[in-house]
Protein chains: 2
Amino acid sequence: MSGASGHYEKRLSDLDGLYLDDAAHKALLSEKGDVVVYEVGDFRPSAVAGDMIFGLTRMVPGLVGEEFFLTRGHIHANADRPEVYYGQKGHGLMQLESPEGETRIVEIAPQTVCYVPPFWIHRSVNTGSEELVMMFAYPADSGQDYGIIERSGGMRHRVMRNGQNGWRLVDNAAYKP
Amino acid sequence: MSGASGHYEKRLSDLDGLYLDDAAHKALLSEKGDVVVYEVGDFRPSAVAGDMIFGLTRMVPGLVGEEFFLTRGHIHANADRPEVYYGQKGHGLMQLESPEGETRIVEIAPQTVCYVPPFWIHRSVNTGSEELVMMFAYPADSGQDYGIIERSGGMRHRVMRNGQNGWRLVDNAAYKP
Ligand SMILES: [Mn+2]
Ligand SMILES: [Mn+2]
């Protein structure tokens, strides 16, 4: 059982341009400093088709203006590859967007399983007040394409705070299908 | 998100011939009746190469003579396909056997992740006193070949009770490489 372990973290500055309220993002950066907002650790036995990669995502809770902390989001480079997420700790959601621009939301709490179907863009959002931790597994030859979201001006919807403990979807005005 | 849900259960009589102590198996059957010893539920979005199947295994605790309740065990029909197990409840182990006949044991408790590498035969054993529950995920085109174990007279080792709470490996005399 050979294979490699990977780890990366994203800081607040890495999410520049993702948020509706750019001024709030700048203000948060100068207030908090360039803190880690999420980190991903994985085990990659191989990159061979048919093998699997699995690991853990940890996301800090927080808001940029009224918008929750989120991951950059991606589609798989081999776009027909799926992914399974499994909630461990905290509360959040998976924002899924189909090739036709349909949004689906899967709320994630401990012991929630979320299946990301082939071809769907996906992004995790921490809508809770504590760390959101999820396990994931996906085919070893999936790859990640982050450019798809940049090219379309972001995902179709934004996930905003709604009252004290809720969330709501808001159209992303910058989105171009 | 279409796809099929599957479910099957195995009863004590389905495990006839797997245990060292055949008389104990027969005695247990007449004492307890043909009870369910494990069940598997899964979600199969598709059987397409590159997709994933995931689900839950529940195993009853128990002994046949001094040998723990276990699953039949298999190698994947597409033998280069791996699997990831994730302990939810109870205590047990994954018995792994390589193509060269090497045995490896991964003990499983809640939040233990077990990666089954391509080409390894695998079987779950409930070494605890309560239900053993595990999540699993594997490539959708893996398939299962149960014959490999029958053809070699079982797996190389048996997992037997050792004292009150332990286990030990014993050579399976019927094993022919
Ligand atoms: Mn992904
Ligand atoms: Mn398997």
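The values are calculated or read from the model by the stated rules, or taken from the named source; none is laboratory data. Since this is a predicted model, take the numbers as computed values, not measurements. As a convention, Cβ positions derive from the backbone with ideal geometry for all residues, glycine included, and neighbour counts pool all protein chains shown.
Look at region B:69-81: where a residue is farther than 16 Å from B:L20 by Cβ and more than 9 Å from chain A (Cβ to nearest Cβ) and a partner is within 11 Å of ligand 2 (Cβ to nearest atom) and of a type in the set (A, V, I, L, M), sitting 6+ places away or on another chain with Cβ atoms under 6 Å, you get B:I75/B:I121. Of all residues in region A:108-125, those satisfying the criterion of being of a type in the set (A, V, I, L, M), away from chain B (no Cβ under 11 Å) and within 15 Å of ligand 1 (Cβ to nearest atom) are A:I108, A:I121, A:V125.
Residue count for region B:71-120, restricted to those that are assigned to a loop (DSSP other than H, G, I, E, B) and on the phi < 0 side of the Ramachandran plot: 20. Condition check for A:Y8 on (1) away from ligand 1 (no atom under 16 Å from the Cβ); (2) exposed (fewer than 15 other Cβ atoms within 10 Å of the Cβ): one failure, at (1). Checking each residue in region B:6-31 for being of a type in the set (D, E, K, R), free of Cβ contacts under 8 Å to residues at least 40 places away in the same chain and closer than 22 Å to B:V133 by Cα picks out B:E9, B:R11. Might you let me know whether region B:13-32 holds any residue that is aromatic (F, W, Y) and touching an Asp or Glu at 6+ places or on another chain (Cβ under 7 Å)? Yes, some residue in region B:13-32 is aromatic (F, W, Y) and touching an Asp or Glu at 6+ places or on another chain (Cβ under 7 Å).
Taking the criterion of being within 14 Å of another protein chain (Cβ to nearest Cβ) and on the phi > 0 side of the Ramachandran plot, the only residue of region B:22-54 that qualifies is B:G50. Determine if region B:158-171 includes at least one residue that is within 12 Å of chain A (Cβ to nearest Cβ) and either in a loop (DSSP other than H, G, I, E, B) or within 16 Å of ligand 2 (Cβ to nearest atom) (or both). No, region B:158-171 has no match at all.
Criterion applied to B:S129, B:S142, B:S124 was being modelled with pLDDT of 95 or more, within 12 Å of ligand 2 (Cβ to nearest atom) and either under 14 Å from the mean Cα position of the chain (by Cα) or more than 20 Å from B:I53 (Cβ to Cβ) (or both), and the one residue passing it is B:S124. No other residue among A:I105, A:I149 is within 24 Å of A:A24 (Cβ to Cβ), hydrophobic (A, V, I, L, M, F, W, C) and either within 14 Å of chain B (Cβ to nearest Cβ) or within 16 Å of ligand 2 (Cβ to nearest atom) (or both) apart from A:I105. Restricting attention to region A:60-70, the residues that are over 13 Å from the mean Cα position of the chain (by Cα) and either in a strand (DSSP E or B) or surrounded by 21 or more Cβ atoms within 10 Å (Cβ to Cβ) (or both) add up to 3. Look at (1) closer than 14 Å to B:F136 by Cβ; (2) within 13 Å of ligand 2 (Cβ to nearest atom) and you find that B:F119 fails only one, number (1). Looking only at residues in region A:126-146 that are facing chain B (nearest Cβ under 9 Å) and of a type in the set (A, V, I, L, M, F, W, C), which one is surrounded by the most Cβ atoms within 10 Å (Cβ to Cβ)? Restricting to residues being facing chain B (nearest Cβ under 9 Å) and of a type in the set (A, V, I, L, M, F, W, C), the top hit is A:A137.
Of all residues in region B:71-101, those being buried (at least 22 other Cβ atoms within 10 Å of the Cβ) and either modelled with pLDDT under 95 or within 16 Å of ligand 1 (Cβ to nearest atom) (or both) number 1.
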